[in-house]
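Input: a single structure, listed below in structure tokens.
The values are calculated or read from the model by the stated rules, or taken from the named source; none is laboratory data. Computed from a predicted structure; not experimentally measured. Note that we place each Cβ from the backbone using ideal geometry, even for glycine, and neighbour counts take in every protein chain shown.
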Amino acid sequence: MYDFTYLKPSTLPEAVSLLSSDTEAKALAGGMTFIPVLKQRLARPTKLVDLAGLGLSGISVAGGKVRIAAMTTHMTVADSPDVQKAIPALAKLAGGIGDKEVRHRGTIGGSLANNDPSACYPSAVLALGATILTNKRIIAADDYFQGMFATALEPDELITAVEFPVPEKAAYMKFPNPASRYAIVGVFVAKFPTGARVAVTGAGQSGVFRHAAMEEALGKSFSPEAVGNVPTDAENLNSDIHASAEYRAHLIGVMARRAVAAAG
């Protein structure tokens, strides 16, 4: 780990100011991804700006939306009676992230800011059509994810909360790496009065993506059979030591069918 200056601001504006004044400064949320990166000397920030204690945690439900503040931990989401009642699929997803140590420290905002291509939360945000609230603006899910580890966030922008509309039905299924619990393939499906949304994580070369063909099929009939024969092109999927692109394409179909069955 390289030397860096640790800073603990007392307000959100102070945190934003510290980050914007130094292009090599980095924000620290739960640290479940960033700390290992630092230990392996894969990053060399000049400063670490700790976001804990800025009032960015908590969950509320109102107006058909679930609002989760950025520093809320995965375990808090998983155990929340409000989330379990409004969007049980989201609570189940959070409860399956990593191990219990990661779930007690990792945060929803940190996960989304990092946008790991195998992370679970991006699939929920994209499939549910959530909005990402920052210190500057509101970003729609379809505009937020911009490729592997890339987002619409600007250098002086921090996630403050995420708002999820409550769907009629939803479910998430993943085929996890047995060691890391990251998704080799994860599929989140959601049904709204306006139609269905399907998001896939762990498989795409550019990170999380929507599956338009499955959405069209589920819009006609929200059933496992509707997506049973919908193909997935393997050309733009990941191929690594864990699974080939062709196997991931097969898993997308399997996980989608299971998710629709669980939702229904």
Query raised in the report: Does at least one position in the stretch 74-89 carry a residue that is charged (D, E, K, R) and surrounded by 17 or more Cβ atoms within 10 Å (Cβ to Cβ)?
Result: no
Requested in this report: Scan the stretch 191-250 residue by residue and report those that are under 23 Å from residue 149 (Cβ atoms), among the β-branched types (Val, Ile, Thr) and surrounded by fewer than 21 Cβ atoms within 10 Å (Cβ to Cβ).
Outcome: 241
Report summary line: The one condition residue 63 fails out of (1) small (Gly, Ala, Ser); (2) assigned by TED's automatic domain parsing to the domain that holds residue 100; (3) in contact with a Gly (Cβ under 8 Å, 6 or more places away or on another chain) is (3)
Query raised in the report: Here are 46, 73: which of them is closer than 29 Å to residue 34 by Cα and not assigned by TED's automatic domain parsing to the domain that holds residue 158?
Result: 46
**Report entry** All positions within the stretch 119-138 that are of a type in the set (Ser, Thr, Tyr), surrounded by fewer than 24 Cβ atoms within 10 Å (Cβ to Cβ) and more than 22 Å from residue 156 (Cα to Cα)
**Finding:** none
Query raised in the report: Checking residue 213 against (1) modelled with pLDDT of 95 or more; (2) touching a helix residue (DSSP H, G or I) at 6+ places or on another chain (Cβ under 8 Å), which test does it fail?
Result: (2)
Query raised in the report: If residue 169 satisfies every condition in (1) without any contact (Cβ under 8 Å) to a residue 40 or more places away in the chain; (2) within 28 Å of residue 195 (Cβ to Cβ); (3) more than 12 Å from the chain's Cα centre (by Cα) but one, which is the exception?
Result: (1)
Query - Of all residues in the stretch 1-35 being under 16 Å from residue 156 (Cβ atoms) and among the small types (Gly, Ala, Ser), the one that is surrounded by the most Cβ atoms within 10 Å (Cβ to Cβ) - result: 15
Requested in this report: Kindly list, by first and then second residue, each pair from a residue in the stretch 230-242 that is within 12 Å of residue 118 (Cβ to Cβ) to a residue that is not in a strand (DSSP E or B), limited to pairs with Cβ atoms under 8 Å and residues at least 6 apart or on different chains.
Outcome: 238/117; 238/202; 238/203; 238/205; 238/245; 238/248; 242/177
